[in-house]
Each structure stands twice: as C-alpha cells, then as structure tokens.
1. So for the chain, taking the charge dipole from beta-carbon charges (+1 Lys/Arg, -1 Asp/Glu), which of 370, 128, 475 sits furthest toward the positive end?
2. Tell me the label-point distance for the pair residue 500, residue 18, using the 7 Å Cα-to-Cβ offset, in nm and rounded to one decimal.
3. What order do you get for 78-84, 627-633 when each peptide is scored by the mean count of other beta carbon atoms within 10 Å, highest first?
4. Where the only charges are on Cβ atoms (+1 Lys, Arg; -1 Asp, Glu), what is the dipole of region 347-485 about its Cα centre, to the nearest 20 debye?
5. In what order do 574, 87 fall by count of nearby beta-carbon atoms within 10 Å, going from fewest to most?
6. Under 17 Å from the Cα of residue 484, which aspartates and glutamates turn up, not counting those fewer than eight places away in the same chain?
7. Can you work out the FRET efficiency for the pair residue 627 and residue 101, with r the C-beta to C-beta distance and R0 = 41 Å, to the nearest 0.05?
8. Which of 282, 568, 439 sits closest to the plus end of the dipole of the chain, meaning its Cα is farthest towards the positive end, when Lys and Arg get +1 and Asp and Glu get -1 on the C-beta?
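Rule-based calculations on the coordinates, nothing more; no lab input. Computed from a prediction, not measured in an experiment: that's the story for all the values here. Ideal geometry is used to build each Cβ from the backbone, glycine not excepted, and the neighbour counts take in all protein chains shown.
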Amino acid sequence: MLANTEDTRHLSGPYVVSGKMSDVEALKQLVKKGSFTVHQSSPRTLVIEKAQLPKGHAKHVYAGGEEEIVATGRQTRSVMTVGGEQMQATMPGQNPLQALSILPGVTFTNVDPWGNNEQNSSIYVHGFSTTQLGYTLDGIPLGAGAYGNYNGLSPQRAAISEDISKVALSSGTGALGTASSSNLGGTIDFTTADPKKKAGASVKQIFGSYNTFRTFARVDTGNFGNNNSAYFAFSRQDARAWNLNGANRQGGYQVNAKFLHKGEKTKITAYFDWQNKSEPNTQGLSINSNDWLTDPTKQYTRGAFYPDLAAAMANYPSMSSKSKAPAAPNNQYYFSSAQRTDFLTYLKISHRFNSHLTWDNNLYFHYDDGAGVVATSIRTNAILTILGTYLDPSASKYIKNGQFTYSQKGIDPTVWNKTGGTGFATRTTEYTDYRGGLTSTFHYRVGHHNIETGIWYERNNNEAARRWYALSATNTLTPYQTPKDPLFTQWQNKFYTDTFVFHVQDTWKVLPNLTVMAGMKLEQVNTNGTLPVAALPQSLATNTKGSKTLDSNTQTAAGGTISAFKPFLPAVGMVWDFTRHEQVFVNIQKNMNSFAESGYGTTSPWGVSSQAEFEDFKKHGKPETSWTYEAGLRTFRPINSKFLDSISGQLEYYHVNFYDRLGAIKKPDAGISGVGTTIANLGDVTTDGVD
C-alpha cells in the first residue's frame, strides 16, 4: 500500500476489527476512518485509494493544508488557508482577499459587496496595511497592492474568483522565496485551480438586487495527448453601485486559460488572464450639514450626480456667486471611476533531475492600462489654483493669498469657459505598466536536509500622468471612457525599476519530530524616477497671506535614482511535534519594503515637492524594515463522534519591531494638491498580539 503521509498522518489507529469477514471487508473496515476506499483489481491485488468526499465535507489533514479553512502547515511560520469552495460558499465571485476576513488578525473593508472596488479597499494584517504586504499568484508577483498600479495588479484582476483553488495567508512573515519586495507584514498567496482530468463544462449564473448579474462559464478539455489538459473560463459581472443611481454600473469582462502538461520528469504550466473593468469610485455617504438637522432623511447625500448634469450644476452656485454654499462645496462629484485593462501570462517549467534535485522556473509578463477619472466641481481654491495657473495665470483680481478664489470676485470667466461652462472639470490619473521577470529555484534533498536556493529578477516600467479635460453640456463624458484632447497635462512621472532578490535556506530534520530551518535573502531594488512633465510651481502653490499673485515659491522635483538594498535579511525557525497531535512552531525573520515607485502626493521619495528634498532623502532616508517574531501551538485531534470528525486549531503569539516607518508630512493649507509635501522616516513601531 502506498499513501501520502500528509493524508494518513492524523490517523490514530490501530483500529480493531473483529468478526468473520473477507480480507476485502476487513481492510475496508481498517481504513474507512481514514477516508480511503478499497477495491480488488485482480485476484491477488487490493488497491487502496483516497476516497472522494461528499460535497461540503471538510478534508481534515493535519499540517497538510487541504481543508476548506485551516490554520496549519508543516511550516515554522503561521500559515492559514481558505479553500476555494469555502470562498465561493461565503460569497460567489468575491475578491479572494475578502475571503481572508474570516481569519484572525485580518481586517478587510470595501464599499462593494464583492470586495472589488479598489479605491475604497483596505486590508490590515497584524497592523500592516495594504502596500506593506506581499502578494503572489501561483508564485508570480502581483506587486504591492497599490491602487495606483505602479508595480502590479489586484488578485481579482489576476484571476477569476471561481478559478482560485485556495488563498494562503502567512500572517507574520512570508517564505524566503516569495517574489515580493513589500512583504513587511506577511504574504498572501493565491493558487489557481488546475485543469480537470475529465472533460466537461460548467455555467454559474447569479442574479440579485441592484440589477446584479454575474455569469461564469468554464470548459475543461480533460486529459488529451501526452498527459495534457487545459481549461478556458469566462466571467461577466454587472451591478449598480448600491449608493449611486442606476446609470452607475460596476463590473466588466474577464477571461482565464490554463494549460498543464505532466511528463515523467517535467511539468509545464501556462496561464493567461485578460480583464477589462470599470467601476465607480464612490466616497461612501457624506453628511449633508445643511439639511440633516431639519430633515433626518437628508442626513446623507449620494457621492455622485451622474448622469443628471442639470442637478449637479443646480447644486452649486452660479459662476458669479461669491458665496461658499453649500458648506462643503466638493462633497459630491459629477462622477468618478476606475478603468483598468490587464494582460497577465506566465510559463512555468518544473524539472526533476532525480529523486534529490528539482528545478522550478517561472517566466511572466504583465501589461496594465488604466485611468482614474473624476469629474469634479471647480469651486474650491485648490482646484481653481491648478486650473487658473494653466488657463489664466495673469488674472490677478481673482487671486487672494497666493491662490485663485471665487469668494471675493466670483469664478474667473476664462477658467469657467475653458473648462466647459458647467462648473465641472474632468481630472484623470492615467496609468501604464509593463513588467516582466523570472523566478528560478533549485530544491536539493540530501540526507535529512532540504536545501532551497533561488533568484527573482523583474524589470518594471510604469508611467502615471495627471491631465485635465473640459466638461461641457455637449461633451459631458461618462465614467466608462477615458477623455481625449486634454486642456493640459499637469505632470507626468516615469519609473524604471530593476528588482533582484537571492535567497538560500536549509530545512533540517534533526529528529523525526523536530525540524529546524535557517536561511537568508539578499534584496536590491533600483528605481530611476523621472519627471518628463513637471507641474508648474504655481499649480502647487500654498497660501501666502495678502498676496495678489500666485505663490511661485514651491518647486517641483526633477527626480533621480534611489536604491533600496539589504544584503542580509535572515530567517530562522523550528517545528517540534511534541505529541502525535500537537506541534510547537517558532519563527524569526527580517524583511524590507522597497520604496514605492510613484510620485506627487504619495508616500514615496519621488512624492516630494523639490529636488533639494529629494536629494536630502536620497542621502539620509532609509527603506522600511521589520523584525517579526512568531511562536505558537497547533493541534489536531480526531474525534470520530456522531457530530464531529476532529478538532484543529492554532494559538499564536507575535511580536513585531517596525523600523524607519515612512510618512508624508504636509504643510498647513496644502489641500488636495499635496503642496510642499516632504517624505521622512518617522521612527519605529512595536506591536504585540495573539491570534
């Protein structure tokens, strides 16, 4: 009999079988509690196989990770897994990140029931936020999870939700070989399902409130040729944003394809993902300070007027008005949306030279094209100052305290007319991202040692530009199109980044029940950030009391190259099975978060407002680092009662030292323009907790 030890480890036998029965019947009785089946393939051969469990039955595997929700793993780190079936049972089609919110130590929020809205999305794990975690799909890097798309894409754009077989969270630290340069606070690994062995097709259809529908279809070829298999999947989702009217739709199209070849010594996997989506960026619900005291039903206002331009224009004073009513003049957009198109593909080749040596290679490429679009009222000093700087820089009578204002003279008619005469203008942040790379890892087993060493290299070219467009009664635009023919480009950033990571580790089975791991990684991320189009100094002006001209003191950064480099990031850990059902794990690891490849208004060295401040940070600034200490107890106890098969769990204590935290420091009256922003290391943070 051959059996995977991870499938049989939890069996607490020997089981006693008594009575008069055949050898087949006796063997069936002996293995039935292990979820195995027995059949006779020949007069002298009995075959024992793992049983197909009923739908919804949890597959309890101690330290294996096959269960729908499991907090185990033969790891020195805390690893918790949510299976694809559990994820879809909770919410069909949901963002895989949202599924992790059922786990301890994880906080995920989103304004969308599916968790897909990226601007209004956040995840925290042990106090670390979205861009301080690491994300991979089948081992390929997804970047830092940033809304601005500077080095990757979100998991729901990388794979259709129904094609995700499991999501694994390393809540303290990720594996040394994880392809991430941002994983201060752990990693989240998404695994796509393999093609099925039998040919078939499935279609799932969802209808719901808010005019919701979601279609998922998948076709599996089954095994063909020389151990080949593949599938093709398609999804279409459309729904009304719950806090906007019916014309504000969210959703899009997505296609996945996966090919698998299993040779005697070589395994080849090819994957392709394409997605195109557009979704409104809503501000949630805002308090309407004018009406709610007298009419509680008007306590909150919707975040956008689209498609009712007349109502949007009526909500604000006319061009000549000198009043500031309503009290919060920019609390409602005409519309705002995120538009994203992605192509992601990888080719993975794993070759087993012999029983001791294997070699895994993964070549990948990703292209992203997108825009964040906001049709906003021009009736704020910050926005008027930006528009006036480019459209009517000499209009001194509309300038007070170094900024354009409408509170004294009304809105400058030149600015009003050039932006379309509606009191609204459309602002975009337009993104493109080309990145490709390779991961290559050797696994060598010798004696009681499992040695792993590998590299990850990536080249990433990304660009972001801020542009402004007119919005007129005849050219109202929509949330689903990127405008053309801008009035002007306020700024444009380009970043060229090379990432190189090397790691090596040894997992040593010191005793049958004691395993020790030790290793390190070298990480270097070089980024050259340039500014082909720099913002005019006046468009980033601060208030200058009494000034009748635009403040021109604020400079703009020309950019340059900065390297985040750590030659030695160590890790050491231990797993001890001190009983047949319990194990203790300990892990200590250091990680680094490379600098964000983004510019104006972000927490990045290139987000400062002068070249002098950039050079100062380059000389004195440091990348964020963390030391994480984990220790815990895992247990798996077979129950085999009428109501319970088993009970499993994990208790973990963690301690984190977070060093050189980066923060953006803004001057007073900076507004939304990020005026005079300085980036600095703000000190250290210590965290203790128990899951």
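1. 475
2. Calculated label separation equals 7.1 nm.
3. Numbers: 78-84: 24.0, 627-633: 19.4.
Averaged packing, sorted descending, gives the order 78-84, 627-633.
4. Details: 14 positive and 11 negative charges, 81 e Å.
Magnitude of the dipole: close to 400 debye.
5. Numbers: 574 18, 87 26.
Starting with the residue having the fewest Cβ neighbours, the order is 574, 87.
6. Within the straight-line limit of under 17 Å, residue 484 reaches these aspartates and glutamates: 369, 430.
7. Details: r = 27 Å, r/R0 = 0.65.
The formula returns an efficiency of 0.95 here.
8. Checking the options against the dipole of the chain, the answer is 282.
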